[in-house]
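Please read the structure below before turning to the comments.
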Amino acid sequence: MTGVSKTLTPPPAAPGPAPALTTAGAPVLQRTTGTADRVVELTTGAQPVIIGITHHGPGHFVVDALDGRLRAGSQLVYTDGPFAARALANADGRPVRALRIQAEAPWTIELTDLTDAVTLDTYAERPASDVLRYTGGPAIATLHYRGTPTASDGGYFLTDTFAPDGSGFLDVLANHTGPWQAEAPLAGPCLVYARADGPWSIEVRALGG
């Protein structure tokens, strides 16, 4: 009697590690870790801060900023699998009191002050959301978002500028879904805060350059 041949399907490969965050090396003001859903109260008060967010494993991962009444404001992360990004909080007149984390794997939250924004000279490329510091004068910025193939809308890309000390909003450079590339005026000096779920880059060309 001849047996029935069976083809064994190999198990799915384990997800790789989250990419390392690029920082300027400022001291960590608050660090919180967890492995599941949690509400993390920020202990840094109303000062503008950079929030480093890392998800170390598979599964869904969502981070929402909450106001003083613990109502959801902006969504900082909505993704699956390993992920690392940085967000800007308390720079737009809408104080963030806490973060709501929804996760199925280990995660880390680290808060630093604005000196942790990496300087943008003429070009920067990042795998996801980040905060950069532009110290030059008026320039033309070329922004390129590669998109996220796994997202039904192609992924999101929102880029705003803020006062260098985080005291207020300045301008919108990009607000698009799906792959995109275009130029926008950059009125420096400023902080550049890009929110993206996939790779993006910015190239700066000074006026007259």
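Evaluating Ala194 against the criteria (1) touching a Phe, Trp or Tyr at 6+ places or on another chain (Cβ under 8 Å); (2) surrounded by fewer than 20 Cβ atoms within 10 Å (Cβ to Cβ); (3) small (Gly, Ala, Ser) leaves one unmet condition, (2).
Selection of the range 183-198 for residues being modelled with pLDDT under 95 and part of a loop (DSSP other than H, G, I, E, B) yields Ala187, Gly188, Asp197, Gly198. Within the range 161-182, being touching a residue at least 40 places away in the same chain (Cβ under 8 Å) and in a strand (DSSP E or B) holds for Phe162, Phe169, Ala182. Among the residues of the range 199-209, those identified as more than 19 Å from Leu21 (Cβ to Cβ) and either within 19 Å of the chain's Cα centre (by Cα) or part of a strand (DSSP E or B) (or both) are Glu203, Val204, Arg205, Ala206.
Hey, among the residues in the range 111-131 that are surrounded by fewer than 20 Cβ atoms within 10 Å (Cβ to Cβ) and in contact with a strand residue (DSSP E or B) (Cβ under 7 Å, 6 or more places away or on another chain), which one's nearest to Ala84 (Cα to Cα)? The selected residue is Glu125. Selection within the range 140-177: residues that are of a type in the set (A, V, I, L, M) and surrounded by fewer than 21 Cβ atoms within 10 Å (Cβ to Cβ). The member of this set that is nearest to the chain's Cα centre (by Cα) is Leu158. The strands (runs of 3 or more DSSP E) falling completely within the range 63-122 that include 1 or more residues that are among the charged types (D, E, K, R) map to 72-80, 83-89, 98-103, 107-112.
The values are calculated or read from the model by the stated rules, or taken from the named source; none is laboratory data. Since the structure is predicted, the reported quantities are computational estimates derived from the model, not experimental observations. Neighbour counts are summed over all protein chains in view; Cβ atoms, including those assigned to glycine, are modelled from backbone coordinates with ideal geometry.
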